[in-house]
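Enquirer: Have a look at the structure that comes next, please.
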Amino acid sequence: MHFDKMKIPQLPTKKILTLEAAKQIAAAAHAEAVKNNWKMVIAVVDDGAHLIYLERMDGTQIASVIVAQEKAKTAVRFKRPSKALEEAVVAGRNVVMTLPGATPIEGGLPIVVDGEVIGGIGVSGGTSPQDGGVAVAALADFV
């Protein structure tokens, strides 16, 4: 089918998370972790929850490589911080732990631009509040 012979519907434009932006977000997370002397894994995913960038600081536990990615993916899939799912579990909604693709542990945040989720960041390696704090710091200057 040739589109030049028919009217093409107006398609929306979509913002995407670039590798350069992912690196900048990760650099801000890294700086916050170093400032606090924490060893972390930082994962940045796109709006389909696919990995764009991963950094494992020297000495960080190996398990955090997977956990950071899963936190980032959770934030994208559910369009909310992974902490929101953790809070639901703590409040007694244990069924949240059975949701496919859910990692209910603080440290994952969606990356939102103009009201749309364009990606997510996941941080792992410290306590849940430390991971969450590094993720928040990573997005503090991102617009």
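Enquirer: So which residues in region 35-49 are within 20 Å of G120 (Cβ to Cβ) and either of a type in the set (D, E, K, R) or at pLDDT below 95 (or both), if there are any at all?
Expert: D46, D47
Enquirer: Also: Between a residue in region 107-131 that is at positive phi and any residue that is aromatic (F, W, Y), which pairs come within a Cβ distance under 7 Å, given they are 6 or more apart or on different chains?
Expert: Matching pairs, first to second residue: G125/W38.
Enquirer: A further question on this structure: Report yes if A72 is crowded, with 22+ Cβ neighbours inside 10 Å and either of a type in the set (A, V, I, L, M, F, W, C) or in a loop (DSSP other than H, G, I, E, B) (or both), otherwise no. I'd like the intermediate steps shown before the answer.
Expert: Values: crowded, with 22+ Cβ neighbours inside 10 Å: yes; either of a type in the set (A, V, I, L, M, F, W, C) or in a loop (DSSP other than H, G, I, E, B) (or both): yes.
The answer is yes for A72.
Enquirer: Just name the residue that is nearest to G101 (Cα to Cα) out of those in region 19-68 that are in contact with a Phe, Trp or Tyr (Cβ under 7 Å, 6 or more places away or on another chain) and surrounded by 19 or more Cβ atoms within 10 Å (Cβ to Cβ).
Expert: Once the filter is applied, the top-ranked residue is V44.
Enquirer: Something else now. Given the criteria over 17 Å from P129 (Cα atoms) and either in contact with a His (Cβ under 8 Å, 6 or more places away or on another chain) or without any contact (Cβ under 8 Å) to a residue 60 or more places away in the chain (or both), does V67 qualify? Spell out how you get there, then give the answer.
Expert: Working: over 17 Å from P129 (Cα atoms): no; either in contact with a His (Cβ under 8 Å, 6 or more places away or on another chain) or without any contact (Cβ under 8 Å) to a residue 60 or more places away in the chain (or both): yes.
No.
Enquirer: Another question about this same structure. Given the criteria surrounded by 14 or more Cβ atoms within 10 Å (Cβ to Cβ), over 29 Å from T18 (Cβ atoms) and more than 10 Å from the chain's Cα centre (by Cα), does L99 qualify? Before the answer, list the steps.
Expert: On the way: surrounded by 14 or more Cβ atoms within 10 Å (Cβ to Cβ): yes; over 29 Å from T18 (Cβ atoms): yes; more than 10 Å from the chain's Cα centre (by Cα): yes.
Considered against the rule, which asks whether it is surrounded by 14 or more Cβ atoms within 10 Å (Cβ to Cβ), over 29 Å from T18 (Cβ atoms) and more than 10 Å from the chain's Cα centre (by Cα), L99 comes out as yes.
Enquirer: Might you check whether a residue that is in a loop (DSSP other than H, G, I, E, B), under 12 Å from I111 (Cα atoms) and touching a Gly at 6+ places or on another chain (Cβ under 9 Å) occurs anywhere in region 2-21?
Expert: Looking through region 2-21, at least one residue is in a loop (DSSP other than H, G, I, E, B), under 12 Å from I111 (Cα atoms) and touching a Gly at 6+ places or on another chain (Cβ under 9 Å).
Enquirer: A further question on this structure: If I go through region 22-60 residue by residue, how many of them are more than 13 Å from the chain's Cα centre (by Cα) and of a type outside the set (D, E, K, R)?
Expert: Count: 14.
Enquirer: Of all the residues that make up region 48-64, how many are under 20 Å from L139 (Cα atoms), in contact (Cβ under 8 Å) with a residue 24 or more places away in the chain and assigned to a loop (DSSP other than H, G, I, E, B)?
Expert: So the answer is 3.
Enquirer: Let me ask something else about it. Is it the case that P104 is part of a loop (DSSP other than H, G, I, E, B) and either over 25 Å from A21 (Cβ atoms) or of a type in the set (S, T, Y) (or both)?
Expert: Details: part of a loop (DSSP other than H, G, I, E, B): yes; either over 25 Å from A21 (Cβ atoms) or of a type in the set (S, T, Y) (or both): yes.
Yes, satisfied.
Enquirer: Any chance you could count how many residues in region 50-100 are touching a strand residue (DSSP E or B) at 6+ places or on another chain (Cβ under 8 Å) and at pLDDT below 95?
Expert: Of the residues in that region, 0 qualify.
Enquirer: A26 passes all but one of (1) assigned to a helix (DSSP H, G or I); (2) without any contact (Cβ under 8 Å) to a residue 24 or more places away in the chain; which number fails?
Expert: Just one mismatch for A26, condition (2).
Enquirer: Also, I was wondering about something else. Of everything in region 29-47, what is of a type in the set (D, E) and either outside any helix (DSSP H, G or I) or under 19 Å from V117 (Cβ atoms) (or both)? Give them in sequence order. Step through it out loud before you land on a result.
Expert: If we filter region 29-47 for residues that are of a type in the set (D, E), which is where we start, we get 32, 46-47.
Selection gives D46, D47.
The values are calculated or read from the model by the stated rules, or taken from the named source; none is laboratory data. Note that the coordinates shown come from a computational prediction; the quantities given were computed from them, not determined experimentally. In this analysis, Cβ positions are derived from the backbone assuming ideal geometry, glycine residues included, and neighbour counts consider all displayed protein chains.
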